[in-house]
Amino acid sequence: MSKQTYITLNDGNKIPQFGLGVYMVPAGEETETAVRTALDLGYRHIDTAHAYQNERSVGKAVRESGVPRDEAWITSKLWPSECGEGKTAEAIDKMLDRLGTDYIDLLLLHQQFGDYLGARRDMERAVAAGKVRSIGLSNFESDRLEEVLDAATIKPSVMQVECHPCYQQGELKKRLASYGTVLEAWYPLGHGDAGLLAERLFTKLGEKYDKSPAQVILRWHIQEGTIVFPKTTNPAHMADNIDIFDFELTDDEMARVRALDCGRRYFTLGLEEQEAALSAFVPAD
């Protein structure tokens, strides 16, 4: 039984749909062990960022894993302090050095602040130079999204945002539909919310398929065409998370999960609050 599915992006690249997120995983042995374990279990997508400060550990683990580089998809993200023509080109070269790789599979603008239009131009040049394969956005949910879309020569392949059964991003999907941009979900399990995981529908479906509520939710994401990378450093949880490719929800069951959408977010800071909170942080090289 396959332990992975792939989505063909609007640029023709095929991205592994199920991955591991390493947000807030300490650099060094903890990140390296988590990435190696994930790759051993069949994960083929690792999601990191400069702001996470563990890119070097991710790159080292991928190189030492025995998995061919062209089978291991690495996503990373540029912080607003790295945005701007020229500045972003330099930041990409530094990222390649930290990761210890010749190319980045997917490069995202991490937040909708800074000179993101200048950054976008350098990202497109990096694609042309072979330093980056695919480019996209993260957390662009304001009208700044349309500003980028209008200016972009290469339309974003991916949009990474909060997405889970309580907040399914229906309106954002409509805004992106004509561009073929695929959603990636952070907080795919609703930030591990006990209320969501205890939802009766997921309990009943778990009983039917002999799966946990979390596995049911992750399976729903897969069938929705969303890319997911739940974070854990626990090997048992890691194995459970990816053990979702031996069952399939019916059309009716998918619809019942969609009906749970109530517009509830777990990240609630407004745009100005986000900018104020993020502006003070500059990740180290």
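The values are calculated or read from the model by the stated rules, or taken from the named source; none is laboratory data. Every value quoted in this text rests on a predicted model; they were computed, and no experiment measured them. When we count neighbours, we look across all protein chains shown, and the Cβ atoms used for this are built from the backbone with ideal geometry, even at glycine.
Here are some notes:
- Matching entry among Glu30, Glu55 (being free of Cβ contacts under 8 Å to residues at least 60 places away in the same chain and either under 16 Å from Pro283 (Cβ atoms) or out of contact with any helix residue (DSSP H, G or I) (no Cβ under 6 Å at 6 or more places or on another chain) (or both)): Glu55
- Set Gly180, Gly263: member being surrounded by fewer than 19 Cβ atoms within 10 Å (Cβ to Cβ) and touching a Leu at 6+ places or on another chain (Cβ under 9 Å): Gly180
- For beta carbons closer than 8 Å, sequence separation of 6+ or different chains, a first residue in the range 204-215 that is over 13 Å from Ile242 (Cβ atoms) and a second that is of a type in the set (Val, Ile, Thr) and surrounded by 20 or more Cβ atoms within 10 Å (Cβ to Cβ), the qualifying pairs are Leu205/Val216; Gly206/Val216; Tyr209/Val216.
- Meets criteria (modelled with pLDDT of 95 or more, out of contact with any Gly (no Cβ under 9 Å at 6 or more places or on another chain), assigned to a loop (DSSP other than H, G, I, E, B) and closer than 28 Å to Ala214 by Cβ) for Glu141: yes
Yes or no, residue by residue, for (1) modelled with pLDDT of 95 or more; (2) touching a Ser or Thr at 6+ places or on another chain (Cβ under 8 Å); (3) over 18 Å from Ala185 (Cα atoms):
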{"position": "Thr203", "(1), (2), (3)": "yes, no, yes"}
{"position": "Glu207", "(1), (2), (3)": "yes, no, yes"}
{"position": "Ile217", "(1), (2), (3)": "yes, no, no"}
{"position": "Asn234", "(1), (2), (3)": "yes, no, yes"}
{"position": "Ile244", "(1), (2), (3)": "yes, no, no"}
{"position": "Leu249", "(1), (2), (3)": "yes, no, yes"}
{"position": "Arg258", "(1), (2), (3)": "yes, no, no"}
{"position": "Thr268", "(1), (2), (3)": "no, no, no"}
{"position": "Glu275", "(1), (2), (3)": "no, no, yes"}
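- For the range 22-38, filtered to residues that are surrounded by fewer than 24 Cβ atoms within 10 Å (Cβ to Cβ) and not charged (D, E, K, R), the residue that is farthest from His221 (Cα to Cα) is Gly28.
- Subset tally (residues that are at pLDDT 95 or above and closer than 24 Å to Gly180 by Cβ) for the range 1-46: 19
- Each residue in the range 88-106 was checked for being of a type outside the set (Val, Ile, Thr) and either crowded, with 17+ Cβ neighbours inside 10 Å or in a strand (DSSP E or B) (or both), and 9 pass.
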